[in-house]
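Before any comments, here is the structure.
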Amino acid sequence: MIMIFDGAMGTYYRNKKENPLPECEMANLFDRDTIAEIHREYIAAGANCIKTNTFSANTSSLSAMPDIIEKIIISGCELALNAAEEKIKVFADIGPIYGDDRDDIYDEYINIIDIFLENGVKNFLFETFSSSDYLPELAEYIKKKSEDSYIITSFAIGPDGYTRSSYNGEHLIKEMADTKVDAVGFNCISGPYHLLEYVKEIKLPEIDLIVMPNAGYPSVVGNRTYYADNSSYFAKTTAEFIDLGFKILGGCCGTTPEHIEKLTASVKNRDTKEIPIHSSKKSYRLETKPSENLFYKKLISGKKVIAVEYDPPASCNIKSYMENVKKLKTMGVDAITVADCPVGRARFDSSLIAYKIKNEVDLDPVVHLTCRDRNLNATKALLLGLNVENILNLIIVTGDPIPTAQRDEIKSVFNFNSALLSKYINELNEELFTNNMVVSTALNVNAPNFDAELRKAVKKEEMGSKVFFTQPVVSEKASENLKKARSVLKSHIMGGIIPIISHKNAVFMNEEISGISVDEDIIEIYDGISKEEASKLAVSTSMHFIDKISDYVDGFYLITPFNRVDIIENIINEMRA
């Protein structure tokens, strides 16, 4: 039997009411008649499963106290159960809870589940999730308390098959199919066509499958979201999922009782006999020429490599920049690392500079990629271009914040953190890229709580980070932390070194640059000396820390201060000697 769920609650409620409440879940308390009417409309349209009006019923989404959330859920259960009249199934609708405290979030989920069970709703739909966080544990908890509960987990993916948190949809449903849940699938973000095309290309797990597409793609008129009336197309396309083994259908944002009525008719007109689950999977690997990653090859061979960070210019005048890059190559540098708009200020694009370095200088670039300035689409587009050009070494960093004075004009974008972006790139390595991209991440050896920093680094390793580039080592504490990191981490480590060129520079780095800590005695020895003396001291101080960390690193990461390539040259000469 095909299970047909109802459609959207939030968008339908807002378009149905002249003056809707801001959150439809609050209508469980203050507009009960409308919610009850919507439930009855969906049942009359042919839905044999309905959801409680509780998707955002949590303290985070509604900014409400727990006692209010409990009242909303209890009322939501009552309204749905009364409308169902024990003739159709009622599912507790639970959406994601956002926050930083994992224990608090898990406890709130458990509390919400208990309220549903205590109020007669034993079936659960966890929908519009962007990761599997908490879901296996929650499913196990429900089954222990109510063995015959039916549990569905559904993930919101874009047309490219990735969630907002950069998780691969195919991997998520496969992961959840091995847990206590009864059905897995997709809902929201995408319309029926793009979801249908996506599931045709993936290997589906042998478990009950659900799909609840959006009506399509919305437009915004007068600050309200509208979906075009495409109910016939929606119904026809969504019914085609049956041919791929899907047994549970419904609608998400923009769908109405009319969509569900036509979907019900389309399903009745189809042959719904058992159909083998579709299992073919096409390959979409980029057809690029095989390329050797010379920098990474040197690194894993055991050579103590040297990478120099040389920030791109803030103007179109790059002649002197490229001349200095050529000079660095003659010094025997193994790679140039290119920062991505450091300190949150616009500079020449790091990827375009990397292209010029590789093609005009024949030197491997290592491109910094921040999580700050690009959404998922822009990030993937950039990665495709870099991979085609065989620019294969990346340093994934969060990115410096936008300066306070510019925050009203320039908005930060954070679809990822560095661990998630690393995971995303490694999934593209598996699914798409002919030549794998090597993911590197940052390690802050100056972190006040270095044990916590190490735990984050281990997480980055689990997500696919193969190399760590450390923050500059300009203190004895930082060198000790690096030694500790060497004993814990399996990845290669590039030890960061930044020459200090003046007393003012030392004070500024220590006081104002996040992630850098300079020993007080080093700051003091720069006080009152000439520029020439400071330049010599910059080399000797750098060499002190190079010697200090040499046994714990696989290479050195020299950061060029204020375009002073001459100082970098002197350091490299000392190292060669």
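The values are calculated or read from the model by the stated rules, or taken from the named source; none is laboratory data. Computed from a prediction, not measured in an experiment: that's the story for all the values here. Virtual Cβ from ideal backbone geometry, glycine too; neighbours counted across all protein chains shown. The accessibility values were calculated without ligands, DNA or RNA, using every heavy atom of the protein model including side chains. Shrake-Rupley method; radii C 1.70, N 1.55, O 1.52, S 1.80 Å.
If you wrap the Cα atoms of region 36-78 in a convex hull and average its projected area over all directions, you get 3.2 nm².
Computed from Cα positions, the angle between helix 319-330 and the longest principal axis of the chain comes to roughly 70 degrees.
Our analysis of region 110-153 gives Rg over Rh at 0.94, with the two radii drawn from alpha carbon positions and Rh computed by the Kirkwood formula. Placing a pseudo-label 7 Å from each Cα along the Cα-to-Cβ vector at H503 and T398 gives an inter-label distance of 3.4 nm.
Computing FRET efficiency as 1/(1 + (r/R0)^6) for N563 and D100, where r is the C-beta to C-beta distance and R0 is 35 Å, gives about 0.35. DSSP bridge analysis restricted to the chain gives an antiparallel fraction near 5%, rounded to the nearest 5. Taking 0.36 nm per residue of separation and subtracting the Cα-Cα distance, full extension of the segment from D67 to K268 would add 68.0 nm. Which of the following values of percent of Cα pairs over 34 Å apart was calculated from the structure shown: (i) 45; (ii) 50; (iii) 58? Given (i) 45; (ii) 50; (iii) 58, the structure-derived one carries the label (ii). With the helix formula -39500 (n - 2.57) applied to DSSP H stretches of n ≥ 4, the chain reaches a computed 222 nm mean residue ellipticity of -12500 deg cm²/dmol. With a Förster radius of 30 Å applied to the C-beta separation of H544 and K459, the computed FRET efficiency comes to 0.40.
Axis of helix 66-84 versus longest Cα principal axis of the chain: the two differ by about 40°, to the nearest ten degrees. FRET efficiency for the pair M331 and D107, taken as 1/(1 + (r/R0)^6) with r the Cβ-Cβ distance and R0 = 56 Å, rounds to 0.45.
For region 11-85, the Kirkwood hydrodynamic radius from C-alpha pairs, put into Stokes-Einstein at 25 °C and a viscosity of 0.890 mPa s, yields a diffusion coefficient of 195 µm² per second.
DSSP assigns beta bridges within region 118-212; of those with both partners inside it, close to 5 percent run antiparallel. Using the alpha-carbon positions of region 42-195, Rg (one decimal) and Dmax (whole number) come out as 15.2, 42 Å. Shape of region 496-552 from its Cα gyration tensor (a ≥ b ≥ c, root eigenvalues): rounded if a/c is under 1.5, otherwise prolate when a/b > b/c, or oblate? Oblate, since a/c reaches 1.5 and b/c is not below a/b.
Spin-label pair Y193-S131: with each label point 7 Å from Cα along the Cα-Cβ axis, the two points sit 3.3 nm from one another.
Quick check: the angle from helix 531-549's long axis to the longest principal axis of the chain, C-alpha only, nearest 10 degrees? Between the helix axis and the principal axis of the chain, the angle is about 60 degrees. In the context of the full set of protein chains, the chain has a per residue accessible area of 45 Å² (1.4 Å probe). Computed from phi, the 3J(HN,Hα) profile of region 240-257 under the Karplus parametrisation 6.51, -1.76, 1.60 (θ = phi - 60°) reads 5, 5, 4, 5, 9, x, 6, 10, 10, 10, x, x, 10, 3, x, 7, 9, x Hz, with x in place of Gly and Pro.
Largest first and in whole Å, the equivalent-ellipsoid semi-axes of region 336-391 read 19, 15, 8, each the square root of five times a Cα gyration tensor eigenvalue.
Here the accessible area of the chain is 49 percent carbon and sulfur, with a 1.4 angstrom probe and all protein chains present. Restricting region 40-87 to trypsin sites (Lys or Arg not before Pro) that sit in a DSSP loop and have at most 15 other Cβ atoms within 10 Å of their own Cβ leaves K87.
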